[in-house]
Amino acid sequence: MNVQVTTGSGNGSEPDTAKYVYLFTEVEEAERHAGNWDGVRGLLGGKGANLAEMTRVGVPVPPGFIVTTEACNAYLEAGEQFPPGMWEEVLAAVKAIEEATGKEFGNPDNPLLVSARSGGKFSMPGMMDTVLNIGLSDEVVEGLIGLTEDPRFVYDSYRRLVQMFGSVVLGVPDEPFEEVITRQREKRDVKSDAELTAEDWREITDKFRVIFRKNTGMEFPTDPFEQLKMATEAVFKSWNGKRAVDYRNAAGIAHDLGTAVNIVTMVFGNMGDDSATGVAMSRNASTGEPELEGDYLINAQGEDVVAGIRATKPLSNLKTVMPELYNEFEEIANRLEAHYRNMQDLEFTIENGKLWLLQTRDGKRTAQAEVRIAVDMVEEGLITKEEAVRRVQPAQVDFFLHPQLDEEAKKATEPFAEGLNVSPGAAVGVVAFDADTAERWAKEDGKKVIMVRPETKPDDVHGMLAAQGILTSRGGRTSHAALVARQFGTPAVVGVSELDIDLINREMSVGDLVVKEGDWISLDGTLGLVYVGEMPTFVPDINNPYLLKLLSWADEIRKLGVWANADYPRDARRAREYGAEGIGLCRTEHMFFETERMPIVQQMIMTKSERERNEAIDKLLPLQRGDFEGLFEAMDGLPVIVRLIDPPLHEFLPAHDELVQELADLKIRLQHLDSMAAIEQTLDDIQVKQRYLERVEALHEQNPMLGTRGVRLGILIPELTKMQVRAIFEAACRVAKAGIDVHPEVMIPLTSHVNELKTQQLALESVAKEVMDEQGIEIDYKFGTMIEIPRAALTADEMAEFAQFFSFGTNDLTQTVFGISRDDAEAGFLVDYIQKGILPENPFASIDPNGVGKLMDIAVRAGRETRPDMEIGICGEHGGDPKSIELCHKIGLNYVSCSPFRVPIARLAAAHAVLNEK
Ligand code: PEP
Ligand code: MG
């Protein structure tokens, strides 16, 4: 198998000449050309690079060669013309594999057959084209029958070539081919293809060639080199096929990489009962358990396994059927895992008792498996802790917070059907029986959809991406549906064989139970169960031991602290459980919105008398104090930043339009009343509403976002913020006396001028001192400000003379730096801006590095000029966004603060920020 012959150009005297073809034995040369392994993958495609690498490490791979991605790009750029010299290199490479195999392309006495398989740098399962059995012709068929004495196998192979060549290379639809096979089965009165005879396949092949001629206007080409040429072109062109382009858009793969073409000597798993074909993952792709897992079929070709047409056997069965080959395969799987230091997705074929590996690549896996494998591999000594942390993406941590079906609801409901649990998590939605409907319902009608199909194909990906979950009646763990679902983290149940899907009548059934399109169903992708109806879901506990370990490693690496935004003790407790090291933002006004407090807040706003206002404020004091006590207790030992009231006051009153309407209704009612008591009551109501309306109108601002809110409100009604500070310090003193280690930090919002901060802070600090004096206890505390107005950022050196800490409010900062409304833009022109590429990203989701980020950097430097060890963090929504976290790390913030559910993600992202710097 060691082919020593080198191919045509690109070597010897002309080192700069392009080399478009590499034999599997030429991986070193490819490495010299491409610079490193990543470059080799780019040049040879992932599949080709791995076939060549497997050859290098002595794994049995059928001889072959790779036409590079550079050739593909040159072909596409030149208007579908092979680049000069490429075809001559292919011919030389064919010669080389003829020598290696001792077979000859097109020679009926000893024919070489090859496959042409696509393979770009990044795996795009099933998105591009493959042609098998290239090299068969009428003559070769005759010769091969003589050699193998197996005419059934030979004709089966021939008809596969005609069919694949027709559909892949020349776009002939599949249906007429399938129709011919179905009719032949009916004619012979048999149920499966396996029962068809050699003569059947010969007849089928003849009919296939007629279909081919009718659809293409040409005879099926019998010259093997013509077949090879056309197949190579078809693979090149499939790079720009719709489904490949859609997939790349969804997976974020660049469009200019091109695909390589792998020309590989055919080995046959359908040569009889000592032949087989299968696929395997070196570890469990759903859970990450360290066990070989896969499916195989005796006497079959590779696509039979992947297509899910025949019922496959679990790989563990092979241990009893072919124990030696199983052991050999297991040894190779372990060797390849150790070599690539990653879980492998393997394809193999056994031809007359000889094992061949046809592919290895890093296996796609669920987030759960990713975490477990990374942790296990550290413990097995295969990778370092840093590599493990780097491998798991922050978004994958999200999976652990994936909704699951409510346990009680599950106990109370019989499953409708059961299948394979190929992608975990719960999905609840209405049934849609095709990809277009699924996409339309999800995108246009905002419905939650479960896409249900007998099996999925690459053309269905758009529907799968739009769906909450995927359900198929056929297919296995490595089926298209399973692979795509796992990659995108979509819950899926496949291979539900008892499920009868009627695509014509748009319904599915199990026995007498019928579910129609549009009906609700619930999937448990973790257990492979399907339920009828809309079941409640819950978010699981994230105390997965592997995740906890991985996050503890991330904690060792990261420099940024991770705090949480939490308004209530229960949120704070959750945040702490997830690893938060402080509360970065408690929005106190949220406490005012509680139903029983609203009347008091409204009384405070409505009254013109100072006494009445103070009475209302006094009523609020114990309530706020209670809130803070709960927060401090939950965060015992950790800092808690409490932000003083921020929104404009009119937000606490009923809406203007509502009041006008209510008043009008009351006045109409008055005209129809005759009881004196009712009239008096209504008059009172009118008076109250009238007062509300006057106050709402008095407080009305054209642009409340830029109006009397934040520190401006505190300066306007100092009693309000003083009450809040009193509540904070009374709570802190009380819990401190009870033994809680408390560190309150009082944050003043929306400052833009140092004088605002000075006025407010000095007034409030004296309240804090007063309370501590009253309580006879000293508390460790800080006063500081949000930086959420550009002027505050630009004058951060002045601000830092008073503020002991800063926290970036990047929601308002983004709004004010861009001058766009945070409330309206995301539903308006911003979408258009992002689609047109005017803005590379939504600046409310990820910090705009060149504008907002730059201003933050200026503020950090200026603030620390005045106060070198100043604590600076972020509490805007960006605090949980991995890219923004990296920026926060770079500009030297002390911590990021995000919602409790983002805390684990932020811990990992903060570690990535350190690793990315290296
Ligand atoms: C901010 O503006 O980023 C912030 C955290 O404050 P809020 O969202 O409450 O305005
Ligand atoms: Mg703000």
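The values are calculated or read from the model by the stated rules, or taken from the named source; none is laboratory data. Keep in mind that what you see is a predicted model, and the values were worked out from it rather than measured. Cβ: placed from backbone, ideal geometry, glycine included. Neighbour counts: every protein chain shown. Accessible surface areas use protein heavy atoms only, side chains included; no ligands, DNA or RNA. Shrake-Rupley method; radii C 1.70, N 1.55, O 1.52, S 1.80 Å.
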Meets criteria (farther than 30 Å from residue 810 by Cα and not in a strand (DSSP E or B)) for residue 574: no
Pair list, Cβ < 7 Å and 6+ apart or interchain, from region 861-889 residues that are surrounded by fewer than 21 Cβ atoms within 10 Å (Cβ to Cβ) to residues that are among the basic types (Lys, Arg): 870/864
Residue list for region 628-643, restricted to those being open to solvent by less than 20 Å² (accessible area, probe 1.4 Å) and in contact with a helix residue (DSSP H, G or I) (Cβ under 7 Å, 6 or more places away or on another chain): 628, 630, 631, 632, 634, 635, 640, 642
Some residue of region 737-745 being surrounded by fewer than 16 Cβ atoms within 10 Å (Cβ to Cβ) and at positive phi: yes
Residue match in region 357-377 (condition: buried (at least 19 other Cβ atoms within 10 Å of the Cβ), within 30 Å of residue 66 (Cβ to Cβ), of a type in the set (A, V, I, L, M, F, W, C) and touching a Phe, Trp or Tyr at 6+ places or on another chain (Cβ under 8 Å)): yes
Number of positions in region 842-860 that are touching a residue at least 40 places away in the same chain (Cβ under 8 Å) and open to solvent by 80 Å² or more (accessible area, probe 1.4 Å): 0
Subset of region 703-713 [under 18 Å from residue 587 (Cα atoms) and away from ligand 2 (no atom under 14 Å from the Cβ)]: 708
Residue satisfying condition, being without any contact (Cβ under 8 Å) to a residue 12 or more places away in the chain and over 30 Å from the mean Cα position of the chain (by Cα), within set 609, 552: 609
Scan of region 802-821 for residues that are near ligand 1 (Cβ under 8 Å from one of its atoms) and more than 16 Å from residue 857 (Cα to Cα), ordered by number: 811, 812, 815
Residue within region 567-581 that is crowded, with 22+ Cβ neighbours inside 10 Å, under 21 Å from residue 721 (Cβ atoms), among the hydrophobic types (A, V, I, L, M, F, W, C) and touching a residue at least 40 places away in the same chain (Cβ under 8 Å) present: no
Residue satisfying all of: in region 775-794; in contact (Cβ under 8 Å) with a residue 60 or more places away in the chain and open to solvent by 20 Å² or more (accessible area, probe 1.4 Å); farthest from ligand 2 (Cβ to nearest atom) among these: 782
Selection within region 162-192 - part of a helix (DSSP H, G or I), in contact (Cβ under 8 Å) with a residue 40 or more places away in the chain and open to solvent by less than 40 Å² (accessible area, probe 1.4 Å): 162, 163, 165, 166, 168, 169
Check on residue 231, assigned to a helix (DSSP H, G or I) and not hydroxyl-bearing (Ser, Thr, Tyr): yes
Selection status of residue 523, surrounded by 24 or more Cβ atoms within 10 Å (Cβ to Cβ), touching a Gly at 6+ places or on another chain (Cβ under 8 Å) and in contact (Cβ under 8 Å) with a residue 24 or more places away in the chain: yes
Within region 778-788, considering residues that are closer than 21 Å to residue 814 by Cα and touching an Asp or Glu at 6+ places or on another chain (Cβ under 7 Å), the one nearest to ligand 1 (Cβ to nearest atom): 788
Residue within region 765-774 that is assigned to a loop (DSSP other than H, G, I, E, B) and touching a residue at least 12 places away in the same chain (Cβ under 8 Å) present: no
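Let's see how each residue does on (1) away from ligand 1 (no atom under 16 Å from the Cβ); (2) under 42 Å from the mean Cα position of the chain (by Cα); (3) assigned to a helix (DSSP H, G or I):
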| residue | (1), (2), (3) |
| --- | --- |
| 657 | yes, no, yes |
| 678 | yes, no, yes |
| 688 | yes, no, yes |
| 723 | yes, no, yes |
| 726 | yes, no, yes |
| 740 | yes, yes, no |
| 752 | no, yes, no |
| 763 | yes, no, yes |
Leading residue by the ranking (farthest from residue 803 (Cα to Cα)) among those in region 689-715 that are hydrophobic (A, V, I, L, M, F, W, C) and surrounded by 12 or more Cβ atoms within 10 Å (Cβ to Cβ): 693
Count - residues of region 252-267 that are surrounded by 16 or more Cβ atoms within 10 Å (Cβ to Cβ) and touching a helix residue (DSSP H, G or I) at 6+ places or on another chain (Cβ under 9 Å): 11
Tabulated pairs, region 803-822, first touching a residue at least 24 places away in the same chain (Cβ under 8 Å), second more than 9 Å from ligand 2 (Cβ to nearest atom) and among the hydroxyl-bearing types (Ser, Thr, Tyr), C-beta under 6 angstrom, 6+ apart or interchain: 803/785
From the options 567, 618, residue that is under 45 Å from the mean Cα position of the chain (by Cα) and not aliphatic (A, V, I, L, M): 567
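Conditions (1) assigned to a loop (DSSP other than H, G, I, E, B); (2) open to solvent by less than 10 Å² (accessible area, probe 1.4 Å); (3) touching a Ser or Thr at 6+ places or on another chain (Cβ under 6 Å), marked per residue:
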| position | (1), (2), (3) |
| --- | --- |
| 51 | no, yes, no |
| 61 | yes, yes, yes |
| 70 | no, no, no |
| 73 | no, no, no |
| 76 | no, no, no |
| 91 | no, no, no |
| 94 | no, yes, no |
| 109 | yes, no, no |
Top-ranked residue in region 795-811 [being within 11 Å of ligand 2 (Cβ to nearest atom) and of a type in the set (Gly, Ala, Ser); ranked as surrounded by the fewest Cβ atoms within 10 Å (Cβ to Cβ)]: 809
Check on residue 225, of a type in the set (A, V, I, L, M, F, W, C) and surrounded by 17 or more Cβ atoms within 10 Å (Cβ to Cβ): no
Every residue from region 844-895 that is in a loop (DSSP other than H, G, I, E, B) and more than 23 Å from residue 398 (Cα to Cα): 848, 867, 868, 869, 870, 891, 892, 893, 894
